[in-house]
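Okay, so here's the structure we're looking at.
Please treat every number below as a calculation from the coordinates, not as lab data. No experiment lies behind these values; they were computed from the predicted model shown. Please note: Cβ atoms are built from the backbone with ideal geometry, for glycine as well, and neighbour counts cover all protein chains shown.
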Amino acid sequence: MDSIALAVHDGITIFEVAAVCEVFGVDRGIADPWYDFTICGADPVRVGGWFRVEAPDGLDALVSAGTVIVPACRDVDERPSADLVDAVRAAHEAGARVVSICTGAFVLAAAGLLDGRRATTHWLYADRLAARHPRVHVDPDVLYVDEGDVLTAAGKAAGLDLCLHLVRLDHGAAVANDLARRLVVPPHRSGGQAQFIPAPVAGPRDHPLADLIPWALARLDRPLTVEDLAREANMSSRNLGRHFNAVTGTTPLQWLLTQRLRRAQELLETTDDSVELVAARTGMGTAATLRRHFNRALGVPPDAYRRTFRS
């Protein structure tokens, strides 16, 4: 069982703490075993300016965790607590996977964990992170960045996306999707998706893609084109592209490819279908096409991915 420790400190915000606790601290019986979750802090801390929380463990317990999650700082203009920075650094040196949400990236940067790495934080504070830590390659345009043993997320909802990404890495796509359904959130938003989408998302009654998206998801085994989607939505291809960018932050073709890859992951994890059959069931056409896109997106071929989740 992987152990996850949430590093709390005075003045942290409610959302980041609640999201982490909700994802990792509640065993819903969807994977066995679930995570061994604990909260670590030096003293009783104030959360959101309203609640006082006593952490079951001190910061020294971070060193024994498999994953350490650092939520947002109270004020990026204040230096992070030296005790917190030292504890996070020690945990990473001991082999922990270290994760930050929102301005928690300032703690990881102060610990030297982001030097020479690509990282992100909330777009409002990205310039300050880059100026204060010039050795960090700050990307202000993405939801989260996965550097293997160090992961960073942008503000609030992107932190929840990253938490689901961790579940997907640890337990597979089917479990992550099940959890997302229970939380009533999108099952997957790629880390490379834009942080800031200028056009607001339409309400549920007048959402321009509300009927199209489930229609397309039910037909991923077919060679859908942008023209097919536009025809079903009764709009021009250009208009469809604008709506997709507003709602998903990406293009129709990229969205389709992402959904096909997610479906392929589920099939590789949960069935004995050959790679050729998985390619057919996900609309990739041929095994060679699936292997090319899979390797480009996930860094491993489908066969190796299946062995990882079957081992």
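Taking 0.36 nm per intervening residue step and subtracting the Cα-Cα distance, what contour gain separates N239 from D10 on full extension?
77.7 nm
Is there a quick way to get the dipole size of the chain? I mean about its Cα centre, with the Cβ of Lys and Arg at +1 and of Asp and Glu at -1; what is the value in debye to the nearest 20?
So the dipole magnitude of the chain works out to roughly 1160 debye.
Amide H of I39: which non-local residues (sequence gap of 5 or more, or other chain) have their own amide H closer than 5 Å, using H built in the peptide plane?
L6, D57
Kindly identify the chain as rounded, prolate or oblate by the Cα gyration tensor criterion: order the square roots of the eigenvalues as a ≥ b ≥ c, call it rounded if a/c is under 1.5, otherwise compare a/b with b/c, prolate if a/b is larger, else oblate.
prolate
What Kirkwood Rh does region 202-311 have if only Cα atoms enter the pairwise 1/r average? Answer in Å.
Result for region 202-311 stands at 14.8 Å.
For helix 157-171, what angle does its Cα long axis make with the longest principal axis of the chain, in degrees from 0 to 90 and rounded to 10?
80
Round to the nearest 0.05 the FRET efficiency obtained for D303 and K156 when R0 = 51 Å and r is the Cβ-Cβ distance.
Working from the Cβ atoms, E equals 0.85.
Name the residues of region 54-90 whose amide N is less than 18 Å from a point 7 angstrom out from the Cα of A131 along the C-beta direction?
It comes to 75-80, nothing else.
How far is the Cα center of region 1-71 from the Cα center of region 109-143, in Å?
23
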